[in-house]
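Beneath this line is the structure, given in structure tokens, with notes to follow.
FYI, it's all coordinate maths here, none of it is from the lab. In this text the structure is predicted, and so the values were computed from the model without any measurement. All Cβ positions, even for glycine, are placed from backbone atoms using ideal geometry, and neighbour counts span all protein chains on display.
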Amino acid sequence: MSDKRFTKTIFFLVLVFLSSLASAQEDTLVIKKSFLGHKDGVECITVSPTGKYFATGGSQGNVILWDTTGSRIREFKGHSTKVTHIAFDKSGNKIAASYGYGVVYIWSTTTGDKYRSTNFLVNKGTLSAAINFSAFSSDGEYIYYGGGTSYLCKALVNKPDSQAVVLHEFGTSPITCGMQTPDRKYIAFSVDNTIKIMDTKSDRIIKEIKIAECKINSFCFTSDGKKLALWCDDGKIKIVDYGYGKEILGFDAGGGPNSFSYVAFSKDDKFLVSGGERFNVNVWDVATGDKKHTITYHTGKTLAVNFLTGMEFKLLTGSYDKKIHQWGFEKKPEQPEEEDPNKAAQDRVDLGRKLEAQKKFQEQEAAKPKNTVPDDPRIYKMPKEWIGRRVLPVDSTTNKMTFSSGNLTIRVWDDKILDGDIVSIYVNDSCVVCNYELKANPKEVKMSFEKGTVCYILLHAHNLGTIPPNTANVSVTDGITQSKIELKSTMYESAVAKIVIK
């Protein structure tokens, strides 16, 4: 083997290794919740603008409204044919379901009452042609819809007897899908390879985006409205810049010819989800088109996909196996770090020194003559060691505080960089602030002492933070005099301050 071929082989193996390592460290998708209640296949999923609810449409015409916590709110009965699309109004109080038999039903989500049903005009086409989408006007007064008859229609929501009107006709080309734009100012819908944007104030088409070699079956916007994702009927996905109308990225979604799936962006616009008739659900990287995750859990074709609101990854999938699942990431446990034998050896040495120091201190204390004079209970004698650590001597110029009143307020905080210092503050033998992570705002403790009291404040460090040593600011006041000190402790030594009440 030549040196050049050998180098290429090694480079390739390194890339494979790094790729497998990265994939092993990635989070996995797991089922967080399941929503059971459909007696037939799930065709579509739409999330309300408020994020409180989502609705699912079945292949036999039922629409179920769900609370995102998992509760089933109510079921709407419309036509007996499949639900092709569901839309909410801006408030989330109205819901419209489009059906495969050329009819739209509109209900109240709060009461379940039906506002109206509407269909294509009798003298304008065949009623049996499917309605593929419906969308409310921004004020909720009108419903727009279109489908297989190639007509875009408009009807009043609150006047059930009023006739719908045809706004636009597109010859023999059906309207395959549609929705409101994210800012809710316009209606976007697709005809063949074109996305048409209509202003709902004038009902005029103000913009068209044509994509070559893509008969559009479904599409969706990013949350900021700057990009579109299109599902083409040849099983490819295209990412399009909305402003310029240009294709940014295209990749094969694995759907095959004449395939269909809804598509949806995650709320942070980093991921795109698609389903399909081959049961799989795929999650794509929007920036690169790489497949990040594949869900193979469903046992029926899975066309209904969407994301719940919020920045957390919450994916909804609905399938012909009658099941709806919410998916989220589960972090893989981190691999434990290998123990450093040198560090372990040093730790053993340090522990031996610590135990030896404790033993020596205890022997010295035991050898001292017993004091027959009773100690003054107001005067605390600070030991030379506390909880196995050396107690630093008191500096009489900086660590001694004198007060005329025994009603003291003690405050502790970190006035520098917050680096995760965790401390306990002892006053004599009592822990007055225990296992506390220092904040910028002071932690306050009030205590009372008699005249003639001598006591000590000790800073016990539970860690060293990210910037050793463990440092705390302590202030003490009796309402007249205030003293402030800085105490620094390590895992071997504890700093103290002396308080005298005259």
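Checking every one of the trypsin sites (Lys or Arg not before Pro) in segment 147-220 against DSSP loop status and a limit of 14 other Cβ atoms within 10 Å picks out K185, K201. Look at T309, T172, T296, T453 and count the other Cβ atoms within 10 Å of each Cβ; fewest to most, that gives T172, T296, T309, T453. Relative to the longest principal axis of the Cα atoms of the chain, the long axis of helix 3-25 makes an angle of roughly 80 degrees.
For T194 and E312, calculate 0.36 nm times their separation in residues minus their Cα-Cα distance, and state this gained length in nm to one decimal. Numbers along the way, then the final one.
Numbers: separation 118, 0.36 × 118 = 42.48 nm, distance 3.26 nm.
Going from the current span to full extension adds 39.2 nm.
Suppose we look only past 26 Å in the calculated P(r) of segment 51-190. What percent of the Cα-Cα pairs does that tail hold? Mind showing how you got there, number by number?
Numbers: 1587 of 9730 pairs.
Across segment 51-190, Cα pairs with separations above 26 Å total 16 percent.
The ranking of K39, K322 by Cβ neighbour count inside 10 Å, starting from the fewest, reads K39, K322. Projecting the Cα atoms of S266, I131, S223 onto the charge dipole of the chain, computed from C-beta unit charges around the Cα centre, puts I131 farthest toward the positive end. Site-free segments of the chain were taken between GluC sites (Glu not before Pro) in DSSP loops having at most 16 other Cβ atoms within 10 Å, sites themselves excluded; the longest one is 27-140. Over all other residues within a Cβ to Cβ distance under 14 Å of L351, the charged ones net out to +3, with Lys and Arg as +1 and Asp and Glu as -1.
Just in segment 231-295: which chymotrypsin sites (Phe, Trp or Tyr not before Pro) are loop by DSSP and have at most 10 other Cβ atoms within 10 Å? Walk me through the numbers on the way to the answer.
Values: sites: W231, Y242, Y244, F251, F260, Y262, F265, F271, F279, W284; in loops: Y242, Y244, F260, Y262, F279.
Here the sparse-neighbourhood loop sites are Y244.
Please report L487, L228, L29 as a ranked list, fewest other C-beta atoms within 10 angstrom at the top and most at the bottom. The partial results should precede the final answer.
On the way: L487 23, L228 26, L29 20.
Ascending number of Cβ neighbours within 10 Å: L29, L487, L228.
So which lysines pass the test for K246, namely a Cα distance under 20 Å, with those fewer than 8 places away in the same chain ruled out? Partners within reach: K196, K207, K210, K215, K226, K227, K236, K238, K270.
Can you give the alpha-carbon Rg of segment 157-259 over 2.2 N^0.38 Å, where N counts its residues? Kindly include the intermediate steps, with their values, before the conclusion.
Working: Rg = 14.7 Å, N = 103, 2.2 N^0.38 = 12.8 Å.
Taking the Cα Rg and dividing by 2.2 N^0.38 Å, one obtains 1.15.
Once C-alpha pairs closer than 8 Å and six or more residues apart are averaged by separation and normalised to the residue number of the chain, the relative contact order reads 9 percent.
If only the Cβ of Lys and Arg carry +1 and only the Cβ of Asp and Glu carry -1, the dipole of the chain around its Cα centre is close to 600 debye.
Kindly provide the chymotrypsin sites (Phe, Trp or Tyr not before Pro) of segment 398-502 that DSSP labels as loop, not H, G, I, E or B, and whose Cβ sees at most 15 other Cβ atoms within 10 Å. Intermediate values should be presented prior to the final figure.
Working: sites: F403, W413, Y426, Y436, F449, Y456, Y492; in loops: F449, Y492.
Passing sites in segment 398-502 are Y492.
Before rounding to the nearest 500, sum -39500 (n - 2.57) across all DSSP H runs of length at least 4 in the chain and divide by the residue total; then give [θ] at 222 nm in deg cm²/dmol.
For the chain, the value works out to -3500 deg cm²/dmol.
Distances over 35 Å make up what percent of all Cα-Cα pairs in the chain? Summing the P(r) of the chain above 35 Å gives 55 percent of all pairs.
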